[in-house]
Amino acid sequence: MEFYRFDKEVGKNISHFNSNFIMSRIVKTEKPTQIGCMHLEANGIVGFHQENMY
């Protein structure tokens, strides 16, 4: 049995685009797709960013 952690202690602080949250990666594929767990505190911010269209 394997255990995986997605809590904020193992995540990465994201500050791009004036953001302020922690992201724990769950899956990253070969295509431009990522699945993650966002930990957003009471004053956290997900900054505006344009989506890349492929």
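The values are calculated or read from the model by the stated rules, or taken from the named source; none is laboratory data. What you see is a predicted model; the values in this text were computed from it and never measured. Glycine gets a Cβ as well: all are built from the backbone with ideal geometry, and neighbour counts include every protein chain shown. Accessible surface is based on the protein model in full, side chains and every heavy atom, while ligands, DNA and RNA are left aside. Shrake-Rupley method; radii C 1.70, N 1.55, O 1.52, S 1.80 Å.
Laid out as a table, the results:
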item	result
Selection status of residue 20, among the polar types (S, T, N, Q) and within 14 Å of the chain's Cα centre (by Cα)	yes
Leading residue by the ranking (least open to solvent (accessible area, probe 1.4 Å)) among those in segment 32-42 that are modelled with pLDDT under 85 and outside any strand (DSSP E or B)	33
Search result, residues across segment 1-24 that are part of a strand (DSSP E or B), of a type outside the set (A, V, I, L, M, F, W, C) and free of Cβ contacts under 8 Å to residues at least 12 places away in the same chain	13
